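Nothing in this text is a laboratory measurement; each read-out follows from the coordinates by a stated rule. Please read these numbers as outputs of a predicted model, since none were measured by experiment. No Cβ is skipped: glycine too gets one built from the backbone with ideal geometry, and neighbour counts run over all protein chains shown.
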Amino acid sequence: MADQSSKAASDHVFGRSHWKASKFTLLTSADADDGSLLLYNSAVGAIARVTRADSAVVAEAYKKGFSGTPLGPLAELTLNGFFVDSELDEIAWASSIRDSETLREDVLELCLLPTEKCNFRCTYCYETFLRGKMQRSVIEGIINFVQGRSATLTSLRVGWFGGEPLTAPEVISEVATRLQDICKASGTRYSSSLVTNGYLLNSKMADLLFRAEVRDFQITLDGSAEDHNRHRLLAKKKSQTSNTFDRIFANLLSLRDRPDPFRVIIRLNFDPESAKRIGPFLDNISREFANDERFFVDFHPVGRWGGPNDSSLPVCGMREGQVLQTQFFGSAGESGLNVRALRQRLEPNGSMCYAANPRSFVIGSDGTIYKCTVAFEDPRNQVGKITEDGQMLIDQAKFLLWTNDGSAGHKGCQACFFKPSCHGNACPLERIRSQSPPCPSTKVTIDQAIRVVAADAIRKAGG
Ligand code: SF4
Ligand code: SF4
């Protein structure tokens, strides 16, 4: 903790006399057995480490607040938002954080389904594969819609999803080229991401995607080759003989060996069985990707997501899955892997699902507009239709189900230290179905999550 400079700054900036710990600040003990503390604040997305020497003063102020000019460790913590003016309306603060993301008329996020067919039949998949390649009228509708909005946009983010989007590369290529042309003409920033099983992501496909300005990838592995191949079956060989792991892993290595700028999230799905082997598997991933900052890892428990095999799927209990998820982040960080995915969930708005953002639309291959990329067959998720001339016909009542402040009217959310990150909208689908906002795993395992991220920051700083 810097002392003198912080004191000077606080004298200059602060004219208040009573301070309280922000309701969004959480205090926990650090991992190290040295009496130090960690503070996390979800409204500023910051973590601070308090040394043993300062811990008594900070813990006391955290409990009771303090008066006068913030001094010593309290100066820096106050400057960084961990302590706030005792009269600050923090609920209004949280709302303004949410508004800063959701009220931005100049930003548009489109998640496009170039095809709803897939070359895989994963055991837990919830998709129906009823609709094929994106219809010509839908492509024209998307182009016309963006053209109509382009004068007011500063940023267009396009995500490719499916089905498996790489089974329709010609749609990606055409739509991306035309959208890039529109953005160039209007001075709009264009960026693009892709969620893929990775099976078709060879070097030629990577060339096509880089031309389409796709720079963010999410590629899922289900653990070791044995675990992965048990779950991730090819559609054409619905048998135990599919070895999809080797090909996807080879594609990941080939991507790594390119000099291009990009980011890959390696998403590791796990169930109670494969979870036992995630540790050793992380060593393999670490050997290949730990020194490359373009790759980072994420973890998700397999769920019963509405597919035909749901009743026979072994899945972790909710709490068990949440604890394992954060534990795996810890192991990944210790193996030198990039755990930025967890860091991002601690940031303001960082645990809010895109389905809650009114600037975000999912457009199916037949022109149906959705909010969520899981419940395609749920009528509440079919919120509208795009027309060939570029109009979005939206059922506002359905749309608002997703974009409402999920925390409104929920006492637990109003009192929650994690509200500025989640806003009761970590999963609007579950909120709508159960009429109660579910807390995300990051919140449920917050002490551990803070320690993992803090330890990662110390490692990166060479500490
Ligand atoms: S609403 Fe829930 S299920 Fe749907 S995309 Fe968001 S987090 Fe996933
Ligand atoms: S859903 Fe849970 S984590 Fe999110 S704001 Fe409400 S109480 Fe907090």
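Things worth noting here:
- Förster-model FRET efficiency, 22 Å R0, Q435 and I91, C-beta, rounded to 0.05: 0.55
- Per-residue [θ]222 nm for the chain (sum of -39500 (n - 2.57) over DSSP H runs n ≥ 4, rounded to 500): -11500 deg cm²/dmol
- Relative compactness, the stretch 75-234, computed as alpha-carbon Rg over 2.2 N^0.38 Å: 1.35
- Full-extension gain in nm, S224 to N284, via 0.36 nm per residue minus C-alpha separation: 20.7 nm
- Cα-based shape type of the chain, given that a ≥ b ≥ c are square roots of the gyration tensor eigenvalues and the cut on a/c is 1.5: prolate
- Over 18 Å between alpha carbons, listed pairs K276/K443; K398/K419; K23/K63; K371/K398: K276/K443; K398/K419
- Approximate spin-label separation S311-E293, in nm, with each point projected 7 Å along Cα-to-Cβ: 5.2 nm
- Rounded tilt (10° steps) of 52-64 against the dominant C-alpha axis of the chain: 90 degrees
- Using alpha-carbon coordinates, inclination of helix 278-289 to the longest axis of the chain, degrees: 80 degrees
- Convex hull volume per residue, computed on the Cα atoms of the stretch 190-320, equals 136 Å³.
- Rounded to 10°, Cα long-axis angle of helix 446-460 versus longest principal axis of the chain: 90 degrees
- Compactness index (Cα Rg / 2.2 N^0.38 Å), the stretch 395-439: 1.09
- Net charge contributed by nearby residues that have their C-beta within less than 13 Å of G367 (K/R +1, D/E -1): -1
- Considering only the Cα atoms of the stretch 22-127, their convex hull presents on average a projected area of 12.2 nm².
- Distance in nm between pseudo-label sites at E388 and T123 (7 Å out along the Cβ direction from Cα): 4.6 nm
- For the chain, the list of Cys residues with no other Cys C-beta under 4.7 Å reads C111, C118, C183, C316, C353, C372, C413, C416, C422, C427, C439.
- nm² value of the averaged projected area, convex hull over the Cα atoms of the stretch 307-362: 6.3 nm²
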